[in-house]
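These notes concern the structure reproduced below.
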Amino acid sequence: YPIESPVELLPVDAGLVIRAEHPGRATLTGARKVAGWTADAQDAGIVVAPFPFEPGEWRMPTLVVNGRAADLAAYPSYGGPERMRYFAEEADAAKGNRTVIHYDANDLPHGRDFRDLDITSAFLYVPQEWCSSLCRIATNDWRNDTFVLRDRTDMPIGRFNQGYQLVNTRLGMDRPGRWMFEASRKRILYRLRPGESAATLKATLSRTERIFNLTGARDIRFEGLVLEGCSKPFRRARGELPCACIAGEASTNVVVEACEVRHSSGDGVYFNREGNISVRRCHFHGLGGGGIWFGYFGDGGEVSDCHVHHNGRYALGSAGVWAHMMNMTVVRNHVHDQPGCGLTLWTCHSLVASNHLHHTMQAIRDGGALYGAQNFSVIRDNYLHDLGDWSGLYNDEGGRDSVYTGNRVEGCWW
């Protein structure tokens, strides 16, 4: 079922149930089919197709090829441990520079420079400890090894210098299954996996920002649906709802059960200023943001028996489950292969129990498998292992008066 624009749910829709007659087979998609693949003139291993819609001003789409999300091209690998260097350190942070990066040309492949870089398409990923910025390029002075950015970095350049990566560029199209988009030429490039050809590709590109918008809605239930194919703008306007397959503001008594949410550029489920939101027995994967996001000033939420993995493609600091609300129940979830935290919980009077968290904190620094500030809560019987360079249990920012018992932590730096 293609969704051209979000389905709006309002207070008048109270009591509505949206259920798949055959669970797991009713797919609501914001994506469009990609067709017309031809060989690339520069590289026989790459195929090219036109955008299936007007790309618009700097959107972040997700390409799915033969049922698998493709990896956005980057040099070095996007979100990986390898970075290129720039010349600024902690002492330079006081200058307040957030737009000029002087890079080390020695980090480029031998004999290469950035003279042919398509700055209408390429952008930088700049990690800075707990922050990570995605920034477009305004000017490229390749003779002096300098980028001027269109978007400011979250912190002054030099603070927590962890280098940078160049994203959405031909330089990163060096592995099968990678893709990029050329905004100026309105086309998609994809490097074929073994056994694939232009004739056998079945591909879609995400477009619609959200499948469902809930504004002040109450007593709504989603059950047995497959939701996919949402896109997102490069920068979200202040006050605008984030891109998610289900996005809600000031909504109460909403249940999302036995749904699969996949292959989208934003979050899976997002609620802000909410109450009594339950997400149960759902599967979240291949998302650009986090799986489940419960926003500020909420009260009463449940996340139970969910499988959340391989998300954070375009927001490497995102968590599998993120909640800033009171009276949470987070139990029996399996969260793994996340670039950021497994569970980020800023919460009071909550129960966090019997969750299985592993292979989190794969790209960013500062956080943990279970991170946040837990107050007056019980954290028990969770199993955490193989957690990158950060902690298993991290109660931060004045968290107090909680009980931790029966938790098992293995393969963790500290």
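The values are calculated or read from the model by the stated rules, or taken from the named source; none is laboratory data. All figures in this text were calculated on a predicted structure; none of them were measured in a lab. Ideal geometry is used to build each Cβ from the backbone, glycine not excepted, and the neighbour counts take in all protein chains shown. Each accessible area value is taken on the protein alone, full model and side chains, heavy atoms only, with ligands, DNA and RNA left out. Shrake-Rupley method; radii C 1.70, N 1.55, O 1.52, S 1.80 Å.
For the reader, a short list of remarks on this structure follows.
- Residue count for segment 297-346, restricted to those that are open to solvent by less than 10 Å² (accessible area, probe 1.4 Å), modelled with pLDDT of 95 or more and more than 17 Å from residue 284 (Cα to Cα): 2.
- Checklist (1) over 20 Å from residue 172 (Cα atoms); (2) modelled with pLDDT of 95 or more; (3) open to solvent by 20 Å² or more (accessible area, probe 1.4 Å) applied to residue 45, failing item: (1)
- Scanning segment 192-216 for residues that are closer than 29 Å to residue 246 by Cα and among the β-branched types (Val, Ile, Thr), we see that the one that is surrounded by the most Cβ atoms within 10 Å (Cβ to Cβ) is 211.
- Residues in segment 101-115 that are open to solvent by 90 Å² or more (accessible area, probe 1.4 Å) and at pLDDT below 90: 110, 112.
- Applying the criterion of at least 1 residues that are hydroxyl-bearing (Ser, Thr, Tyr) and more than 10 Å from the chain's Cα centre (by Cα) to the strands (runs of 3 or more DSSP E) found wholly in segment 235-327 leaves 252-257, 267-272, 275-280, 292-304.
- Looking at 56, 67, just one residue is open to solvent by 20 Å² or more (accessible area, probe 1.4 Å), under 21 Å from residue 312 (Cα atoms) and modelled with pLDDT under 95, and that residue is 67.
- Residue within segment 73-85 that is open to solvent by 20 Å² or more (accessible area, probe 1.4 Å), touching a residue at least 24 places away in the same chain (Cβ under 8 Å) and more than 29 Å from residue 319 (Cβ to Cβ) present: no
- Pair list, Cβ under 8 Å, 6 or more apart: segment 319-333 residue closer than 12 Å to residue 303 by Cα, other residue among the aliphatic types (A, V, I, L, M) and open to solvent by 10 Å² or more (accessible area, probe 1.4 Å): 328/351; 329/351; 330/351; 331/351
- Matching residues in segment 360-414 - criterion: being open to solvent by 70 Å² or more (accessible area, probe 1.4 Å) and touching a residue at least 60 places away in the same chain (Cβ under 8 Å): 362, 365
- Residue within segment 134-150 that is open to solvent by less than 60 Å² (accessible area, probe 1.4 Å), small (Gly, Ala, Ser), modelled with pLDDT of 95 or more and assigned to a loop (DSSP other than H, G, I, E, B) present: no
- Filtered residues of segment 12-42 (kept if outside any strand (DSSP E or B) and either surrounded by 13 or more Cβ atoms within 10 Å (Cβ to Cβ) or aliphatic (A, V, I, L, M) (or both)): 12, 13, 14, 16, 20, 23, 24, 30, 35, 37, 40, 41
- Among the numbered conditions (1) touching a Leu at 6+ places or on another chain (Cβ under 9 Å); (2) surrounded by 23 or more Cβ atoms within 10 Å (Cβ to Cβ); (3) farther than 30 Å from residue 61 by Cβ, the only one that residue 356 does not meet is (2).
- Residue check, residue 122 more than 24 Å from residue 312 (Cβ to Cβ) and surrounded by 18 or more Cβ atoms within 10 Å (Cβ to Cβ): no
- Test set (1) free of Cβ contacts under 8 Å to residues at least 12 places away in the same chain; (2) within 17 Å of residue 118 (Cβ to Cβ); (3) not acidic (Asp, Glu) - residue 44 fails condition number: (2)
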